[in-house]
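Enquirer: One structure, pasted below without further comment.
The values are calculated or read from the model by the stated rules, or taken from the named source; none is laboratory data. Everything numeric here is computed off the predicted structure, so don't read it as measured data. Backbone-built Cβ (ideal geometry, glycine too); neighbour counts: all protein chains shown.
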């Protein structure tokens with residue numbers, strides 16, 4: 001392919017997790033990238049563009065993987081892309097300070113026969129360790145171009161682009177790993193391998209393995225990755241077997257693999273892996289040079305503190321507290337600004353109609369679209385700050401240490417060490433917490449964490465607790481009750497995680513395999529790119545679904561309108577003097593009473609009445625049921641809906657009046673049950689939307705919603721019936 005031509009060159013960026021692969025990708029593409037889901041699975045991948053002169057690159061950041069054996073969806077995606085999308089160049093990013101471990105993936109890439117540019121990232125760490133790598137010798141041994149880089153300082157990016165350009169320019173000279181392209185006038189940072197080297201980059205296995213590979217290869221079509229495919233088939237790789245269309249050939253291959261397994265003294269994957277590591281050890285012995293004894297590094301000294309078996313956990317919890325507090329404290333001005341913007345927009349739209357107008361269009365725009373979407377977008381500052389904090393922790397290398405520190409504790413309940421971070425974030429808002437599950441490597445760990453995250457009491461529930469607790473509990477009990485609600489959510493989440501691991505997600509725990517990268521300062525550019533990408537995804541994934549849901553909920557609470565002779569439910573006389581139980585809708589003049597009557601006659605109000613037989617065993621009536629329907633949009637809407645039901649206007653303005661109405665109608669036991677039900681049941685529509693988006697299936701979102709609602713009913717029923725049995729909190733009027 002000629003790089004001077006108009007065609008676009010596809011470059012795949014591959015590497016181990018924590019090798020700095022995404023940093024190199026960000027350095028190459030900047031903000032010219034977009035995130036999407038790989039077709040057919042839920043794994044995210046990122047594409048970006050780079051145009052430099054006549055060079056037009058489409059760069060794909062593949063999921064981090066240690067090998068091309070598909071133990072996870074991420075590894076399957078990386079392998080599938082390399083096999084079936086035929087990138088023109090693979091940029092293989094390795095941690096230069098851990099060369100022997102990282103080159104395992106490199107040997108597989110070379111067996112695939114794809115043109116490879118090897119990036120020795122974190123080369124500054126090698127130098128700090130008083131080591132050096134003979135890059136010319138490494139290029140000779142592997143038959144690839146080698147470029148040193150320091151990704152977090154954006155060093156080596158120009159050399160990477162130059163190496164890609166030269167490799168593509170001479171791609172016709174690259175038939176596979178046995179030959180390399182002959183480069184003329186290499187860039188200052190790129191090294192050149194000798195042409196026609198003696199089988200550079202080819203792993204030679206034991207005689208037993210080579211004999212079996214030869215037998216299998218006879219049944220495979222001629223392709224550049226024929227040898228690699230033979231190694232996978234020899235290891236009885238089910239995914240690799242799908243590459244063979246001929247059933248007779250498939251049978252012959254399986255017979256050879258079975259015979260090989262019988263002859264091996266060890267597991268087949270171990271035998272093949274040992275062949276690769278023997279090759280890698282030989283290469284590293286030739287190219288890695290020590291200048292002296294390895295000295296203790298800054299990372300070593302920091303790790304002695306932050307990974308200490310005693311103080312490691314308190315340090316992590318303290319850092320998470322700072323992140324959590326900063327995210328929702330520093331985000332408040334931004335939230336207030338967005339709220340002010342939506343309030344201004346609502347006022348502007350309201351100005352087009354007379355005061356008190358019941359126009360459906362006005363209500364749709366103000367109450368439905370602006371109220372619904374605005375209630376989600378108001379958290380955008382928190383999203384930005386949250387992912388900035390996560391990007392800093394990941395970029396510095398601390399996030400991996402935190403996972404190690406928490407893994408022992410979390411694994412006891414079937415969770416991964418990294419799950420603790422999203423769970424902690426969930427106390428602020430469930431939506432960014434679910435997005436934070438992307439830090440978990442396996443789909444199973446992500447799904448378990450997503451399923452239980454709504455049990456972490458988010459900030460949206462606080463207005464409900466702030467309304468109910470003072471209404472029903474004396475001051476000395478208010479703190480313990482609030483604390484008890486939070487603890488209840490945590491305990492239920494851990495028990496549910498254990499249950500899910502033992503039932504739906506049965507199987508062996510995913511191994512906690514992760515290398516500790518050195519501590520380093522991430523580039524501002526990389527942090528900004530990650531912030532912008534995640535913030536835009538939040539707007540796209542949550543906002544669009546929320547818009548449709550908000551319109552639907554508005555319709556349910558707005559229609560149908562009651563006729564003039566409709567008699568609203570009794571209880572209005574307790575709210576406003578002058579009205580009796582026989583007062584019709586047409587006789588009402590108080591705007592709050594009119595609004596409450598309209599709500600009771602609406603579809604949502606009727607559904608609330610239909611739900612009454614289901615929720616009455618919990619001590620709830622139709623009014624609570626109607627407010628719970630409103631809470632589907634956002635938990636805090638429950639308070640406003642209760643204000644509408646009891647016709648006291650906005651609850652935050654008339655909170656004392658609303659509390660008095662609650663005390664007059666419900667007991668402290670019912671008040672506690674309301675809070676328990678809201679704590680556990682039916683995540684808000686934003687949570688539903690983000691769960692659907694992050695899990696890749698509406699069924700997981702439905703399972704979460706209905707599963708938690710059933711759990712809420714059971715827990716609330718037990719508490720309510722126990723309270724009645726022991727006559728606890730059953731007197732009207734609060735305490």
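Listed here are the residues, each with its yes/no results for (1) under 37 Å from the mean Cα position of the chain (by Cα); (2) assigned to a helix (DSSP H, G or I); (3) at pLDDT 85 or above.
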{"residue": "580", "(1), (2), (3)": "no, no, no"}
{"residue": "589", "(1), (2), (3)": "no, no, no"}
{"residue": "607", "(1), (2), (3)": "yes, yes, yes"}
{"residue": "626", "(1), (2), (3)": "yes, yes, no"}
{"residue": "644", "(1), (2), (3)": "yes, yes, no"}
{"residue": "651", "(1), (2), (3)": "yes, no, no"}
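Enquirer: Quickly run through region 682-693 and pick out the residues that are within 14 Å of residue 450 (Cα to Cα) and assigned to a helix (DSSP H, G or I).
Expert: 686, 687, 688, 689, 690, 691, 692, 693
Enquirer: Quick check on region 227-247: of everything there that is in contact (Cβ under 8 Å) with a residue 24 or more places away in the chain and either touching a strand residue (DSSP E or B) at 6+ places or on another chain (Cβ under 9 Å) or in a helix (DSSP H, G or I) (or both), which residue is surrounded by the fewest Cβ atoms within 10 Å (Cβ to Cβ)?
Expert: Filtering region 227-247 for residues that are in contact (Cβ under 8 Å) with a residue 24 or more places away in the chain and either touching a strand residue (DSSP E or B) at 6+ places or on another chain (Cβ under 9 Å) or in a helix (DSSP H, G or I) (or both), the one surrounded by the fewest Cβ atoms within 10 Å (Cβ to Cβ) comes out as 239.
Enquirer: One residue is enough: does region 354-361 have a residue meeting the conditions in a helix (DSSP H, G or I) and either within 30 Å of residue 121 (Cα to Cα) or at pLDDT 75 or above (or both)?
Expert: Yes, region 354-361 contains at least one residue that is in a helix (DSSP H, G or I) and either within 30 Å of residue 121 (Cα to Cα) or at pLDDT 75 or above (or both).
Enquirer: Looking at the structure I just gave you, is residue 106 buried (at least 18 other Cβ atoms within 10 Å of the Cβ), within 29 Å of residue 130 (Cα to Cα) and in contact with a helix residue (DSSP H, G or I) (Cβ under 9 Å, 6 or more places away or on another chain)?
Expert: Answer is yes for this residue.
Enquirer: Can you tell me which residue is modelled with the highest pLDDT among those in region 113-125 that are surrounded by fewer than 22 Cβ atoms within 10 Å (Cβ to Cβ) and in a helix (DSSP H, G or I)?
Expert: Per the criteria, the residue is 124.
Enquirer: Go through 318, 299 for me and flag whichever is at pLDDT 80 or above and assigned to a helix (DSSP H, G or I).
Expert: 318
Enquirer: On the given criteria, is residue 693 within 29 Å of residue 436 (Cβ to Cβ) and touching a helix residue (DSSP H, G or I) at 6+ places or on another chain (Cβ under 6 Å)?
Expert: yes
Enquirer: Could you check region 653-679 and list, in sequence order, the residues that are modelled with pLDDT under 70 and more than 15 Å from residue 474 (Cα to Cα)?
Expert: Those that are modelled with pLDDT under 70 and more than 15 Å from residue 474 (Cα to Cα): 653, 654, 655, 657.
Enquirer: Take residue 491 and decide whether it is under 17 Å from residue 680 (Cβ atoms) and either at pLDDT below 85 or surrounded by fewer than 19 Cβ atoms within 10 Å (Cβ to Cβ) (or both).
Expert: yes
Enquirer: Turning to a different aspect of this structure: Provide a single number: the residues in region 126-162 that are under 19 Å from residue 23 (Cβ atoms), crowded, with 24+ Cβ neighbours inside 10 Å and at pLDDT below 90.
Expert: Here the count works out to 1.
Enquirer: Out of 702, 711, 669, 679, I need the residue that is in a helix (DSSP H, G or I) and under 15 Å from residue 628 (Cα atoms). Which one?
Expert: After ruling out the rest, the residue left standing is 679.
Enquirer: Right, another one. If you go through region 520-527 one residue at a time, do you hit one that is in a loop (DSSP other than H, G, I, E, B), buried (at least 19 other Cβ atoms within 10 Å of the Cβ) and modelled with pLDDT under 80?
Expert: For region 520-527, residues in a loop (DSSP other than H, G, I, E, B), buried (at least 19 other Cβ atoms within 10 Å of the Cβ) and modelled with pLDDT under 80: present.
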